[in-house]
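Chemist: Below you'll find the structure I mean.
The values are calculated or read from the model by the stated rules, or taken from the named source; none is laboratory data. All values derive from a computational prediction rather than experimental measurement. All Cβ positions, glycine included, derive from the backbone under ideal geometry; neighbour counts span all protein chains shown.
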Amino acid sequence: EAGVTQSPTHLIKTRGQQATLRCSPISGHTSVYWYQQALGLGLQFLLWYDEGEERNRGNFPPRFSGRQFPNYSSELNVNALELEDSALYLCASSLDRSNSRQYFGPGTRLTVT
Amino acid sequence: QKEVEQDPGPLSVPEGAIVSLNCTYSNSAFQYFMWYRQYSRKGPELLMYTYSSGNKEDGRFTAQVDKSSKYISLFIRDSQPSDSATYLCAMSEYSSASKIIFGSGTRLSIRP
């Protein structure tokens, strides 16, 4: 069974640009979560999508947004990139909204210069 | 005070030793407890998942939850160099994953 996949692996952008990160959950999983893992800060919850709807968001500004497609894959968009946005962005999926067993993808490393 | 506290390490032990990794927490409503292993430049991998208090064993790994002390542990027996990674504890009040709180992780190094 294929795990959670993310693309691209690495992304380099300059300040002010926009970044788009993609995630495909495990087949059959409907919930997708996005986390930011910056150096020394641990995993910070960003967004949760389930059945195509945004269900919850963490303490991040509105320039962090995303969506979930009918096939349950998801996209994270970061607008007006700042240097502090440089981090590993992790996507996780769970079977459904009531299940706390999350399975993570390998992440996208975003570097903002 | 953070909701979940985890010693960042690094923790270095010789191969074959028993490793003990720990987290403390402040929210007595937490019921679901998880341990993740994260290798360098990879995503976290779910190792152990427990509900409420007690022990759970899986191969060389044992997870222990003491809700009265708000303390959870992960024990690794017969540690191997391949166990070298960062270990993250995580916990939640609900079965839903939307409110999982992660510890900051402990870096573990197993010396051959």
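Chemist: If you take the residues of region B:57-104 that are of a type in the set (Lys, Arg), surrounded by 14 or more Cβ atoms within 10 Å (Cβ to Cβ) and part of a loop (DSSP other than H, G, I, E, B), which of them is farthest from the other protein chains (Cβ to nearest Cβ)?
Modeler: B:ARG60
Chemist: Right, something else. Among the listed residues B:TYR36, B:TYR71, B:TYR87, which satisfies the condition of being in contact (Cβ under 8 Å) with a residue 12 or more places away in the chain, under 29 Å from A:SER7 (Cβ atoms) and out of contact with any Asp or Glu (no Cβ under 9 Å at 6 or more places or on another chain)?
Modeler: After applying the criteria, what remains is B:TYR87.
Chemist: With among the charged types (D, E, K, R), within 24 Å of A:CYS91 (Cα to Cα) and within 10 Å of the chain's Cα centre (by Cα) as the only criterion, which of B:ARG37, B:ARG41 stands out? Show your work before the answer.
Modeler: On the way: B:ARG41 fails: within 10 Å of the chain's Cα centre (by Cα).
Just one listed residue meets the conditions, B:ARG37.
Residues are listed down the side, and each one gets a yes or a no for (1) over 24 Å from B:GLU5 (Cα atoms); (2) touching a Lys or Arg at 6+ places or on another chain (Cβ under 8 Å):
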position	(1), (2)
A:ARG15	yes, no
A:HIS29	yes, no
A:TRP34	no, no
A:GLY66	yes, no
A:ASN79	yes, yes
A:GLY105	yes, no
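Chemist: Does B:GLN1 fit the bill of being out of contact with any helix residue (DSSP H, G or I) (no Cβ under 9 Å at 6 or more places or on another chain), of a type outside the set (A, V, I, L, M), part of a strand (DSSP E or B) and more than 9 Å from every other protein chain (Cβ to nearest Cβ)? Step through it out loud before you land on a result.
Modeler: On the way: out of contact with any helix residue (DSSP H, G or I) (no Cβ under 9 Å at 6 or more places or on another chain): yes; of a type outside the set (A, V, I, L, M): yes; part of a strand (DSSP E or B): no; more than 9 Å from every other protein chain (Cβ to nearest Cβ): yes.
Answer is no for this residue.
Chemist: I've got another one for you. Among A:TYR49, A:TYR89, which is crowded, with 20+ Cβ neighbours inside 10 Å, in contact (Cβ under 8 Å) with a residue 40 or more places away in the chain and either farther than 21 Å from B:SER96 by Cβ or within 14 Å of chain B (Cβ to nearest Cβ) (or both)? Spell out how you get there, then give the answer.
Modeler: Values: A:TYR49 fails: in contact (Cβ under 8 Å) with a residue 40 or more places away in the chain.
One residue alone meets the criteria, A:TYR89.
Chemist: Please go through region B:41-56 and pick out each residue that is more than 14 Å from every other protein chain (Cβ to nearest Cβ) and not in a loop (DSSP other than H, G, I, E, B).
Modeler: Across region B:41-56, the qualifying residues are B:GLY54, B:ASN55.
Chemist: Go through region A:25-56 residue by residue and tally those that are under 14 Å from the mean Cα position of the chain (by Cα) and small (Gly, Ala, Ser).
Modeler: 2
Chemist: Can A:ARG109 be described as surrounded by fewer than 21 Cβ atoms within 10 Å (Cβ to Cβ), without any contact (Cβ under 8 Å) to a residue 60 or more places away in the chain and in a strand (DSSP E or B)?
Modeler: Working: surrounded by fewer than 21 Cβ atoms within 10 Å (Cβ to Cβ): yes; without any contact (Cβ under 8 Å) to a residue 60 or more places away in the chain: no; in a strand (DSSP E or B): yes.
In short, no.
Chemist: With respect to B:ILE72, is the statement that it is touching a helix residue (DSSP H, G or I) at 6+ places or on another chain (Cβ under 9 Å) and either under 17 Å from B:ARG107 (Cα atoms) or at pLDDT 95 or above (or both) true?
Modeler: Working: touching a helix residue (DSSP H, G or I) at 6+ places or on another chain (Cβ under 9 Å): no; either under 17 Å from B:ARG107 (Cα atoms) or at pLDDT 95 or above (or both): yes.
So B:ILE72 fails the test.
Chemist: Determine the pairs where a residue that is farther than 9 Å from A:THR108 by Cα, located within region A:5-26, has a partner that is among the acidic types (Asp, Glu) and assigned to a strand (DSSP E or B) with Cβ atoms under 9 Å apart, the partner being 6 or more residues away or on another chain.
Modeler: Once the first residue is farther than 9 Å from A:THR108 by Cα and sits in region A:5-26, its partners that are among the acidic types (Asp, Glu) and assigned to a strand (DSSP E or B) give A:THR20/A:GLU75; A:CYS23/A:GLU75.
Chemist: Now a separate question. For region A:92-102: of the residues being out of contact with any Leu (no Cβ under 9 Å at 6 or more places or on another chain), assigned to a loop (DSSP other than H, G, I, E, B) and facing chain B (nearest Cβ under 8 Å), which is modelled with the lowest pLDDT? Break it down stepwise before answering.
Modeler: Looking only at region A:92-102, we keep the residues that are out of contact with any Leu (no Cβ under 9 Å at 6 or more places or on another chain), and these are A:92-100.
Imposing the further condition that a residue be assigned to a loop (DSSP other than H, G, I, E, B) reduces the set to A:95-100.
Remaining after also requiring facing chain B (nearest Cβ under 8 Å): A:97-100.
Details: A:ARG97: 81, A:SER98: 81, A:ASN99: 79, A:SER100: 76.
Checked region A:92-102; the qualifying residue modelled with the lowest pLDDT is A:SER100.
Chemist: Applying the selection to region A:54-86, what residues are in a strand (DSSP E or B) and crowded, with 18+ Cβ neighbours inside 10 Å? First the steps, then the outcome.
Modeler: At the first step, the residues of region A:54-86 found to be in a strand (DSSP E or B) are A:54-57, A:64-68, A:74-78.
Answer for region A:54-86, where residues must be in a strand (DSSP E or B) and crowded, with 18+ Cβ neighbours inside 10 Å: A:PHE64, A:GLY66, A:GLN68, A:SER74, A:LEU76, A:VAL78.
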